[in-house]
Each structure stands twice: as C-alpha cells, then as structure tokens.
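The values are calculated or read from the model by the stated rules, or taken from the named source; none is laboratory data. All values reported here derive from a predicted model rather than from experimental measurement. Cβ atoms come from the backbone with ideal geometry, glycine included; neighbour counts cover every protein chain shown.
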Amino acid sequence: QQQVKQSPQSLIVQKGGISIINCAYENTAFDYFPWYQQFPGKGPALLIAIRPDVSEKKEGRFTISFNKSAKQFSLHIMDSQPGDSATYFCAATPAGGQNFVFGPGTRLSVLP
Amino acid sequence: NAGVMQNPRHLVRRRGQEARLRCSPMKGHSHVYWYRQLPEEGLKFMVYLQKENIIDESGMPKERFSAEFPKEGPSILRIQQVVRGDSAAYFCASSLYHRGDNEKLFFGSGTQLSVL
C-alpha cells in the first residue's frame, strides 16, 4: 500500500512534443505529491508538487494533473526540449508522514 | 549558500570493510534523510534524522547499517562489513521544515558505493 507505481519506464519524445508520465498510488493517506528531476551523476531536484485539493498545477512548461478519485497523477512537459532529458520520479508522502515514497522513475529522452 | 554536501562522491570498499558516508545539510536545515538508489530503480527511504535523534529508521536494514546526526558535524551513514549487495548510490536530503506547507527535500549529489 506504500507503493507508488510509475509509467512508462522510458520515454522518447521529439523536440517540441509533449512528454507525459503517469503515476498511481494506493494509500489514501498520501497528501503531497512532488515530482523530481534527476540528471546523471546528480541528486534529484524538486520540479513541481501538488496537493489533492487541486486538480492541476502549472509552472512554466510543467503541469501536474491530479485525479483524486482514481488515485492517479501525471506530469506533462509541454514543448519538450533536449535539456529536459533526465530521469523523472514521482513521489508521495502522507500527512504527518516521515518519509517520501518514490516511484521507480521514467527515463526521458528528447530528440533534437 | 551551499547545497547539501555529500562526500565522498565515490567510495570503493572490499567485502567485510566498513563504509562511512557523510552528509552536511543545507545551512539552517535540521532534518536529514538518507535514501538508497539501485540502478534502474527509484529511491528507497532508509532513515530520517533530526539533530541527535533518529526519528524513523523503518527503511534501514536491521544489521550492519547505522546512522547518526550529531549536534555538531555532518550526518553519517555507516555500513559495517559491507557486502556486494550494498553497492548502490546513497543520497542524502535535507529540509528546513518537516511536513510544513512548503516542505522541500534538497538532495545532495550522492555517494556511489562500490563493493569489490
């Protein structure tokens, strides 16, 4: 029940296209859902995050869509750029929880 | 304002040796988390510490692994009698608040442990 599922495992998108990564969870106690971006040899960096009281959050080219009833959330990268090529992790943590549960990651490659 | 500093970046140990991984959180951060990442896998929570206290070690193997965050100095993740299965990237993260409205985890660049 602590698991966060993530798909696809890898994704190839042409420059200018839309990248979509999906995550699903079981634990209804989760109340904070961040996305992290990781470049090779670096630690993950927070990209964008959402709480269940909103269905969508947008920051620049990055948008999180959240479906509370389906217990799913997704990351959309508009106008994908080669510099977006990285591994993306979704995560979740419950209210008052003390650790973040991460998905297995999606390796995104944006072709020039 | 330096970020989360981890050292060493790479650590090579032979089976049976001890590994010590160090993490200095961001300035002003008093919450430290350790995660382990295996190739092609996500980050697995190991332990959450505040100064001088272990708050949650539910992800830590019961044997050979220990962590501390002393009043002064960096947080240390210690692995005794390492085995090949311990080879992984170990990431430290810190946060200013725990479960605040804008809690953010700031990660270091990790320590890649290789056990020969």
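Would you check if A:I50 is within 30 Å of B:T111 (Cβ to Cβ) and either crowded, with 18+ Cβ neighbours inside 10 Å or basic (K, R) (or both)? No: the conditions fail for A:I50. Taking the stretch A:8-30 as the range and being small (G, A, S), more than 14 Å from every other protein chain (Cβ to nearest Cβ) and not in a strand (DSSP E or B) as the test, the residues that pass are A:G16, A:G17.
Filter the stretch B:11-56 down to residues that are more than 9 Å from every other protein chain (Cβ to nearest Cβ) and among the basic types (K, R) and give me whichever is nearest to A:V4 (Cα to Cα). So the residue we want is B:R36.
Checked against (1) at pLDDT below 95; (2) at positive phi, B:K62 passes all but condition (2). Residue count for the stretch B:41-96 under the criterion of being out of contact with any strand residue (DSSP E or B) (no Cβ under 6 Å at 6 or more places or on another chain) and in contact (Cβ under 8 Å) with a residue 60 or more places away in the chain: the result is 4.
Exactly one residue among B:M5, B:M46, B:M26 is under 23 Å from A:L46 (Cα atoms) and in contact with a Cys (Cβ under 8 Å, 6 or more places away or on another chain), and that residue is B:M5. Of the strands (runs of 3 or more DSSP E) entirely within the stretch A:31-94, those holding at least 1 residues that are in contact with a strand residue (DSSP E or B) (Cβ under 6 Å, 6 or more places away or on another chain), under 20 Å from A:L11 (Cβ atoms) and away from chain B (no Cβ under 14 Å) occupy A:62-67, A:72-77. Criterion first (in contact with a Lys or Arg (Cβ under 7 Å, 6 or more places away or on another chain) and away from chain A (no Cβ under 14 Å)) does B:P74 satisfy it? Yes. None of A:F66, A:F102 is touching a Leu at 6+ places or on another chain (Cβ under 6 Å) and buried (at least 16 other Cβ atoms within 10 Å of the Cβ) except A:F102. Any residue at all in the stretch A:89-108 that is over 30 Å from B:L49 (Cβ atoms) and within 11 Å of the chain's Cα centre (by Cα)? There is no residue in the stretch A:89-108 that is over 30 Å from B:L49 (Cβ atoms) and within 11 Å of the chain's Cα centre (by Cα).
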